[in-house]
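Before any comments, here is the structure.
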Amino acid sequence: MNDHMVYLDNAATTQPTLAVIEAVNLSLSTGFFNPSALYKPAVAAAKEMENCRQLIKDRLQAEQVIFTSGGTEANNLAILGQFSGSRQGGRVLYSLGEHPSVKAACQALPEGFLATGIPLNREGVVDMEAFSRLLGPDTRLVCVMQVNNETGAIQPLLEAAKLIKEKAPGAWLHVDGVQGFLRLPVRLKDFGIDSYALSAHKVHGPKGIGALALGGKKPIKPHLFGGGQEAGMRSGTENTPGIAGLMAAIQGFPSTQEMRARKLRLYEGLRAVIPALLVNGPDPYGPCACDHILNLSFPPVRAETMLHALSAKGVYVSHGAACSSRKSRHSETLKAMGIGQAALDGALRFSLSPYNTDEEINTAVNAVKEAYQALKAFTRR
C-alpha cells in the first residue's frame, strides 16, 4: 500500500496481493490459451480453471460453480435464471438492505411476480417477525445477503432458511455473499442456501471475475447464449487470468482476527475524541457486526464534507456503497433502518482489510479528529 495513503474503503474494492498479480500475469503470458481448445497447453489452462472451481466448491459445499464477471452478474443469473420465461408468478422477497443488483433483478422479473422488501431492524438486520409474516406458499424466491455492504450487519441466514423450510418449502434462497465470502464460514447445504454470489475484487483478487455457487436443488436457465461454456449456463470464453487471480486470492486470504481488533480500535479511538459519534448499524462488539465494516456519523458534519477533508489527508473512506456513492441521495439501507436525519446526512463507511496496520488506524483516528474539529464550527445546524 502507498506509504502516504490510508485506504479504508475495502468494501468497495481491495488491492490485489502480489501473489494475485503474479498469478494473473503468468496466465496472461504463458497460460493464455483458450480453455475450450484440445491441444496440451489449452487443456492445462482448463485444468487450472477447474482447480479453482473445485476450490470454491469445497469451501462452500456447493454442487456447481459458474464463473461470472463478478457479483452483479452472479446475482442477476441466480434471480433471472430462476424464472426466465416463467408463466407461474408468485411472491419474491428481498431484504431492504440488498445490493442494487439484487433489488433491480427482483423487480425485473416477469409479470405475475410480486417483489416485496423485507424490513430491517435498527441494527440493519432482517426483521424476522416481519419476514415470517411475509412468507407463504406462494413465495418463490427469497434474497438475503450474508453481510450488508454498507453497515456490516451479518444476516441470520440459518434462521431465515429454517423459516423458509417451514412456511415456503418450495422457495429458492439466494445469498449475496460478496462481503462475507472468506470472512465468514458458510456451507450451502448445511445452511439451506440454493445459490451464493461472490466477487474476487472484494477479497484482494482482480476485478472482472466472480462466481455463482449452486447448492443443487434445481438447475437455473442461462441468460447469455453462445458457445455453451460453463455447462451451458454462461456462454463466452472464460476469463482464465481472472480465475487464476481468484484462486490465488482464495488460497492466500489471511485470518480476519487482527482486522476485527483493528476495527474496534478504530471505533474506540474515534469515540474517545468525538463523543457525538453515532453508529449506523450493529453494535461493533455485538454478534451481528462483521469484522471489517463500520458505518459512522459525526454530527453536525455532513458526510461529503468530511470525506473530502479526509481525502485531502490521504485517508480514503466511502459515503455509502460504492455503487451509489456518486448519487446525491441518502442510503436506502439506512433509511430502511429508521436512521435519523442527522445520521443520514453524515454517514461514512470505514471498511478494513486484513492488511491494514495499527499505524494506519492511528493515522485515520487523528485525521478524523482534526477534520471534525475544523469542520464542526462551520457546519450549519
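Scanning region 181-211 for residues that are closer than 21 Å to residue 79 by Cβ, of a type in the set (Gly, Ala, Ser) and surrounded by 23 or more Cβ atoms within 10 Å (Cβ to Cβ) turns up 195, 197, 199, 200, 210, 211. Entry remark, region 345-377: residues being buried (at least 17 other Cβ atoms within 10 Å of the Cβ) and farther than 20 Å from residue 272 by Cβ number 6 in total. Residues in region 253-272 that are part of a helix (DSSP H, G or I) and of a type in the set (Gly, Ala, Ser) were compared, and the one that is farthest from the chain's Cα centre (by Cα) is 272.
Report yes if residue 47 is part of a helix (DSSP H, G or I) and closer than 28 Å to residue 154 by Cα, otherwise no. No.
Of all residues in region 120-155, those satisfying the criterion of being under 25 Å from residue 81 (Cα atoms) and in contact (Cβ under 8 Å) with a residue 60 or more places away in the chain are 141, 143, 147, 148, 149, 155. Listed by first and then second residue, the pairs linking a residue in region 266-284 that is not assigned by TED's automatic domain parsing to the domain that holds residue 341 to a residue that is part of a helix (DSSP H, G or I), with Cβ atoms under 8 Å apart and 6 or more places separating them unless they lie on different chains, form an empty list.
Of the residues making up region 187-201, just one is aliphatic (A, V, I, L, M) and over 26 Å from residue 91 (Cα atoms), namely 200. Among the candidates 248, 231, the residue that is surrounded by fewer than 24 Cβ atoms within 10 Å (Cβ to Cβ) and within 19 Å of residue 46 (Cβ to Cβ) is uniquely 231. All of 73, 129, 98 fail the test of being within 20 Å of the chain's Cα centre (by Cα) and closer than 30 Å to residue 283 by Cα, apart from 98. Within region 250-263, can one find any residue that is of a type outside the set (Lys, Arg) and under 24 Å from residue 101 (Cα atoms)? Yes, there is a match, as at least one residue in region 250-263 is of a type outside the set (Lys, Arg) and under 24 Å from residue 101 (Cα atoms). Scanning region 162-200 for residues that are in contact with a Cys (Cβ under 6 Å, 6 or more places away or on another chain) and part of a loop (DSSP other than H, G, I, E, B) yields a count of 0. Each residue in region 272-311 was checked for being surrounded by 14 or more Cβ atoms within 10 Å (Cβ to Cβ) and in contact with a strand residue (DSSP E or B) (Cβ under 9 Å, 6 or more places away or on another chain), and 25 pass. From the list 63, 22, 48, 111, exactly one residue is closer than 30 Å to residue 360 by Cβ, acidic (Asp, Glu) and either assigned by TED's automatic domain parsing to the domain that holds residue 290 or more than 18 Å from the chain's Cα centre (by Cα) (or both). Which is it? Of 63, 22, 48, 111, the one residue that is closer than 30 Å to residue 360 by Cβ, acidic (Asp, Glu) and either assigned by TED's automatic domain parsing to the domain that holds residue 290 or more than 18 Å from the chain's Cα centre (by Cα) (or both) is 22. Does region 87-102 include one or more residues that are free of Cβ contacts under 8 Å to residues at least 24 places away in the same chain, more than 26 Å from residue 260 (Cβ to Cβ) and outside any loop (DSSP other than H, G, I, E, B)? Looking for residues that are free of Cβ contacts under 8 Å to residues at least 24 places away in the same chain, more than 26 Å from residue 260 (Cβ to Cβ) and outside any loop (DSSP other than H, G, I, E, B), one finds none in region 87-102, hence no.
The values are calculated or read from the model by the stated rules, or taken from the named source; none is laboratory data. Quick caveat: nothing in here was measured; it's all calculated off a predicted structure. Note: ideal-geometry Cβ built from the backbone for every residue, glycine included; neighbour counts use all protein chains shown.
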